[in-house]
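What follows is one structure encoded as structure tokens, with my remarks underneath.
The values are calculated or read from the model by the stated rules, or taken from the named source; none is laboratory data. All of these numbers come straight from a predicted model, not from anything done at the bench. Every residue, glycine as well, gets a Cβ built from its backbone with ideal geometry; the counts of neighbours run over all protein chains shown. Note: accessible area is taken over every heavy atom of the protein model, side chains too, but ligands, DNA and RNA are not part of it. Shrake-Rupley method; radii C 1.70, N 1.55, O 1.52, S 1.80 Å.
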Amino acid sequence: MLDDLFVASDKGDGTGGDSIEGDEAGARPSIPFDYLSVADELHSGRIKVSAAEYREAGADLASEFAALLEHAKLALAAEDPRPEEKLPPIDPESIAAELGLNQPKSAADFGRMRRSFAFTNHPDRVAPHLRQRAMIRMQVANMLIDEAKRRAVAGARR
């Protein structure tokens, strides 16, 4: 499809109007990229992550949360809340309660939980002045869900 667009831009847009002259008219990407080969590589099974690497990735969760919350405090320091508006919380305990992580879940529930939370809290779905807060909430929720999923998988293996 991109090749068709490049060919069309080389020939002109066909509208009969003024066209851009010079280098900008037929500009092509400077780095060739083959999307199909990337997709083939991802689906080939040659890229593997061991279970040990997956578990080790969550080993330092407390320091990741601390760093994320420190960054959030700095980022949200300049936030200008509207007086009548109750801002959604960013602390992990509130978000875990909102997600319902205090109840045991099966492995299949975590994807549904992530999508449901993103549907209402994604930065693209909130007011512009709340986007930074929504981004932080999504990061915290994703970390909480990933950790809960790791625990569920580890518990199922026992």
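For the stretch 72-80, indicate whether the set of residues that are closer than 20 Å to ALA156 by Cβ and either in a helix (DSSP H, G or I) or at pLDDT 90 or above (or both) is non-empty. Walk me through it before giving the result.
Going residue by residue through the stretch 72-80, those that are closer than 20 Å to ALA156 by Cβ are none.
For the stretch 72-80, residues closer than 20 Å to ALA156 by Cβ and either in a helix (DSSP H, G or I) or at pLDDT 90 or above (or both): absent.
Looking at (1) free of Cβ contacts under 8 Å to residues at least 12 places away in the same chain; (2) over 17 Å from the mean Cα position of the chain (by Cα); (3) more than 23 Å from LYS86 (Cα to Cα); (4) open to solvent by 60 Å² or more (accessible area, probe 1.4 Å), which is the only condition ARG112 fails?
That leaves (2) as the condition not met.
Would you mind stating whether PRO89 is farther than 14 Å from ASP146 by Cα, at pLDDT 75 or above and touching an Asp or Glu at 6+ places or on another chain (Cβ under 9 Å)?
So PRO89 fits the description; yes.
Looking at the stretch 145-155, is at least one residue touching a residue at least 40 places away in the same chain (Cβ under 8 Å), under 14 Å from the mean Cα position of the chain (by Cα) and open to solvent by less than 70 Å² (accessible area, probe 1.4 Å)?
So far as the stretch 145-155 goes, yes, one or more of its residues are touching a residue at least 40 places away in the same chain (Cβ under 8 Å), under 14 Å from the mean Cα position of the chain (by Cα) and open to solvent by less than 70 Å² (accessible area, probe 1.4 Å).
Those residues that are touching a residue at least 40 places away in the same chain (Cβ under 8 Å) and closer than 18 Å to ALA66 by Cβ, I need them from the stretch 115-144; list them, please.
From the stretch 115-144, those touching a residue at least 40 places away in the same chain (Cβ under 8 Å) are 129-130, 132-134, 136-137, 139-141, 143-144; that's our starting set.
Residues satisfying the conditions are ILE136, ARG137, GLN139, VAL140, ALA141, MET143, LEU144.
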